[in-house]
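Below is one structure, written out as structure tokens; the observations come after it.
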Amino acid sequence: MKNPVYIEYRRSTKLGIILLLLLSTFGALVHYFRSVDDKVLQTKLRLAAASNQVDSEFVPILAFMEAVRRASLLKLSIPAEPTEDMLPLLQLDSGVTEQASLMQLDGTVNAELMMLQRLQPYFELAKETQPYLVGMYYLSEQGFAYNGQLKWSDYIADYLVQWQKDSKPEPNYERGQIFFSSFLQQQAAVMLPLYADDKKLGRFVFAIELAPLLAPIYQQHKDAEFMLLDQFGQLISNSMTMPVQNIDQHMLQVQRLSSMPWSLGLLEHKANVFAAGVKEFVWHWLSYAVLFGVFLYALQYRYRLRILSPSKRLLVHIERLSKGSSQGVQRIPYGWHDIFERISRLRQNPPS
């Protein structure tokens, strides 16, 4: 005699295994997507922290630049005094350096040159107070340049002359800082126009050495690949020891710097992000499979103990009674005595 309870038990076991696999896969997928999101979020937080570090390095330099401009306007407002001092100036049209007198031909003092002389302490203290500031230059609308030193380097003089020729004139409404990602070798520059009574007198150019400025940040995040980008998205500096082979296999996150129009990017291999997610998927799938497997086994064990085994003995009991046995089975499962006794009484006293 076929046991319908056993047939249903087999079906329930198969259904339980399928449900176990589905639930384990679903739970592992949820953890997989969460792990990928957590990895991306971790990268964003790391990029934000690195961007704050870059800003913290640039803020003192930019503050010094504004201090120089305010001091320049203050020096211009002070009445000029006659003096016989000379300043070494670079003529931007010819590239010739010459000693220029502060006194004009008519006996008056050149206010702009007097301003530069009074700013001499700023030129001298620039590198001492700002270690990443490697050059401070003043380019006048009168066609000369001043660097606060006794003489000009031929290399810097030639570069400034050519840079002046290649530079496009900035709009008259531009009064803020203008950033240049490329200046001298491995240097960037910030230009600060100087206006007095709505008249443009010239502009200060501050040269910044980027390598030592960014080195501590790159050193702190050795396992990451950072890129400093200008306002046009062009690469300025990066921490990569080797060029990227397949850019399509990488993911770039960009964080705008708060102190300047540049951005810091973090380049990460897509495989690293998804590989970490796959490990999480496998681990959680096995965890869920074991958990649900133990739960399913416990249910099956109790079902066999309380339902399947007693139902088998009940069928044996009925079969023995049908063959003329007076008692059927000897050992009755726990909790089934009433059913077995009723079947025995029905056999002994069949209904009329």
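A compact table of results
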item	result
Of all residues making up region 315-344, the number that are loosely packed, with under 15 Cβ neighbours inside 10 Å, assigned to a loop (DSSP other than H, G, I, E, B) and at pLDDT 70 or above	3
Odd one out for residue 58 among (1) surrounded by 15 or more Cβ atoms within 10 Å (Cβ to Cβ); (2) modelled with pLDDT of 90 or more; (3) closer than 19 Å to residue 117 by Cα	(3)
Among the residues listed as 209, 128, 141, the single one being among the acidic types (Asp, Glu) and buried (at least 16 other Cβ atoms within 10 Å of the Cβ)	209
Residues being buried (at least 19 other Cβ atoms within 10 Å of the Cβ) and of a type in the set (D, E, K, R) - total across region 176-199	0
Qualifying residue in region 84-91 (condition: modelled with pLDDT of 90 or more, of a type outside the set (Gly, Ala, Ser), over 26 Å from residue 131 (Cα atoms) and outside any helix (DSSP H, G or I))	yes
Any chance residue 253 is surrounded by 14 or more Cβ atoms within 10 Å (Cβ to Cβ), of a type outside the set (Phe, Trp, Tyr), over 25 Å from residue 12 (Cα atoms) and modelled with pLDDT of 80 or more	yes
The one condition in (1) closer than 30 Å to residue 15 by Cα; (2) at pLDDT below 85 that residue 296 fails to fulfil	(2)
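Here is a yes/no grid of residues against (1) within 30 Å of residue 259 (Cα to Cα); (2) more than 45 Å from the chain's Cα centre (by Cα):
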{"position": "66", "(1), (2)": "yes, no"}
{"position": "74", "(1), (2)": "yes, no"}
{"position": "79", "(1), (2)": "no, yes"}
{"position": "85", "(1), (2)": "no, yes"}
{"position": "90", "(1), (2)": "no, no"}
{"position": "97", "(1), (2)": "no, yes"}
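The values are calculated or read from the model by the stated rules, or taken from the named source; none is laboratory data. This one's a predicted model, so the numbers in the text were calculated from it and none came from an experiment. Backbone-built Cβ (ideal geometry, glycine too); neighbour counts: all protein chains shown.
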